[in-house]
Amino acid sequence: MTKPIWIKHAAQLATLASDVKGPRSKEAMSELGLIEDGSLWIEQGVIEAVGTTKELEKRYAERLHEAEVVDATNHLVTPGLVDPHTHVVYGGSREREFEMRLEGATYMDIMNAGGGIHATARMTREATEAELIEQTTRRLDAFFTHGVTTVEGKSGYGMNLETELKQLRVMKKLQEQHMIDLVPTFMGAHAVPPEYKGREDEFVDHLINDMLPVIAEEKLAEFNDVFCEKGVFTPEQSERILEAGKRFGLIPKIHADEIESYGGAELAAKIGSISAEHLLKASEAGIKEMAKSGTIACLLPATALYLREEAAAGRKMIDEGVAVAISTDCNPGSSPTTSMPLVMNLACISMRLTPAEALTAATYNAACAINRQEKVGSLEVGKQADIVLWNVKNYQELQYLFGVNHVKSVWKKGVKVV
């Protein structure tokens, strides 16, 4: 039996506990459940008690000698960060496209020239399962070093049944092999493969009739995502794909309004999508509809920075009542990063979230965006002991000192991984 862990004397313990159930919006995004001189007691990978150091000293007076003690004096302690939108399983690399962008090529220019998603699809199709496991393991290890303890991963770099299954099976194996929680999303509708050019509706039929049944039968995914964008999938095609996924028990997500306003936010609200991602060009009407439907806005400020685009209107969305989560969008083309601390910084700088809102967006709301809020995203009794100890004294300092990884220690289910 493992020893209990006692984390004590945290300068600030940000529990993210709140009376608000479900994703948090407006003022509730600033409720961090702060405890000064905070303390946690962990048993068998689960949080057993949360309070002040004095309270836990009294409660466990006769057992303090049993515990592995972590002195968090002058440190901030938070839940493990949650990344709710990544494309972490892929083959190859696309550093040449970075240069092309700097030389003036646009996202769609690169994609239409056979680069972008299609380039990674070719490399992922060629990669073996073992190669994908090895590459993805390195990325998941990097997430740990940045304080991330739960990651959503999308397929979508196959766009044929064989490779989509390969990506999802890699995720399933990594769920068993790696300490991190990896949450799988099927995204066969990431782009129309070149062999279906001019026959886009046929590809939609193929995805619905041939891919979705196998994904569901093998229980390889929890979510179904689609890239609803001009030149990719229309709102009508996207709705067909997401409604079909619902019939197979897959929860809808949607890449929406990234490059131009295309009705994606409105569609997300209409179909009851758990989240809508990107949203750089979401319309005012779409934002209002998302607020009404409870659809979470999963915003990706590192992607906007990397593409040199104006970030999504995070401040406006929160003010309008939309629950906001944030993510790295870790992928080889438009956001090759695993740094959620940087993403929190950018959420403040480029989208005008407050430091408290950014932390909520990277923990509790991010967990809600992947249906994991009952297990992770806050430090509460009965939840997994996914915890980060930071080399800063408070949550404001975490966002103020930007572009620096302040992680000191990370625990996943009570096991120290960093």
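The values are calculated or read from the model by the stated rules, or taken from the named source; none is laboratory data. Not measured: the values here are computed from a predicted model. Cβ: placed from backbone, ideal geometry, glycine included. Neighbour counts: every protein chain shown.
Inside the range 350-418, counting only helices (runs of 4 or more DSSP H) that do not spill past its ends, which hold 1 or more residues that are farther than 24 Å from Val46 by Cα and of a type outside the set (A, V, I, L, M)?
355-362, 395-400
Farther than 30 Å from Ser275 by Cβ and not basic (Lys, Arg): which single residue out of Ala119, Ala49, Ala105 fits that description?
On the way: Ala119 fails: farther than 30 Å from Ser275 by Cβ; Ala105 fails: farther than 30 Å from Ser275 by Cβ.
That would be Ala49, the only listed residue that is farther than 30 Å from Ser275 by Cβ and not basic (Lys, Arg).
Is it true that Leu267 is in contact with a helix residue (DSSP H, G or I) (Cβ under 6 Å, 6 or more places away or on another chain) and not in a loop (DSSP other than H, G, I, E, B)?
Spelling it out, Leu267 is indeed in contact with a helix residue (DSSP H, G or I) (Cβ under 6 Å, 6 or more places away or on another chain) and not in a loop (DSSP other than H, G, I, E, B).
May I ask you to say which residue of Asp205, Asp225 is assigned to a strand (DSSP E or B) and within 30 Å of Arg169 (Cβ to Cβ)?
After ruling out the rest, the residue left standing is Asp225.
Would you please list the contacts, defined by Cβ atoms under 7 Å and residues six or more apart or on different chains, that run from a residue in the range 278-306 that is touching a residue at least 60 places away in the same chain (Cβ under 8 Å) and within 14 Å of Pro84 (Cα to Cα) to a residue that is of a type in the set (Val, Ile, Thr) and surrounded by 18 or more Cβ atoms within 10 Å (Cβ to Cβ)?
The qualifying pairs are Ile296/Ile274; Leu299/Val324; Leu299/Ile326.
If you go through the range 312-351, how many residues are under 26 Å from Ala285 (Cβ atoms), polar (S, T, N, Q) and surrounded by fewer than 24 Cβ atoms within 10 Å (Cβ to Cβ)?
Total meeting the criteria: 1.
Would you call Phe144 under 25 Å from Asp386 (Cβ atoms) and aromatic (Phe, Trp, Tyr)?
Working: under 25 Å from Asp386 (Cβ atoms): yes; aromatic (Phe, Trp, Tyr): yes.
Considered against the rule, which asks whether it is under 25 Å from Asp386 (Cβ atoms) and aromatic (Phe, Trp, Tyr), Phe144 comes out as yes.
Please count how many residues of the range 100-116 are under 27 Å from the mean Cα position of the chain (by Cα) and either at pLDDT below 85 or polar (S, T, N, Q) (or both).
Counting residues in the range 100-116 that are under 27 Å from the mean Cα position of the chain (by Cα) and either at pLDDT below 85 or polar (S, T, N, Q) (or both) gives 4.
Would you be able to tell me the number of residues in the range 28-84 that are in contact with a Phe, Trp or Tyr (Cβ under 9 Å, 6 or more places away or on another chain) and part of a strand (DSSP E or B)?
20
Right, Thr338: in a helix (DSSP H, G or I) and within 13 Å of the chain's Cα centre (by Cα) or not?
Answer is no for this residue.
For Thr360, state whether it is touching a helix residue (DSSP H, G or I) at 6+ places or on another chain (Cβ under 9 Å), surrounded by fewer than 24 Cβ atoms within 10 Å (Cβ to Cβ) and polar (S, T, N, Q).
Considered against the rule, which asks whether it is touching a helix residue (DSSP H, G or I) at 6+ places or on another chain (Cβ under 9 Å), surrounded by fewer than 24 Cβ atoms within 10 Å (Cβ to Cβ) and polar (S, T, N, Q), Thr360 comes out as no.
If I ask for residues that are in a helix (DSSP H, G or I) and of a type in the set (Asp, Glu), which ones from the range 131-187 would you list?
Matches in the range 131-187: Glu131, Glu134, Asp141, Glu162, Glu164, Glu176.
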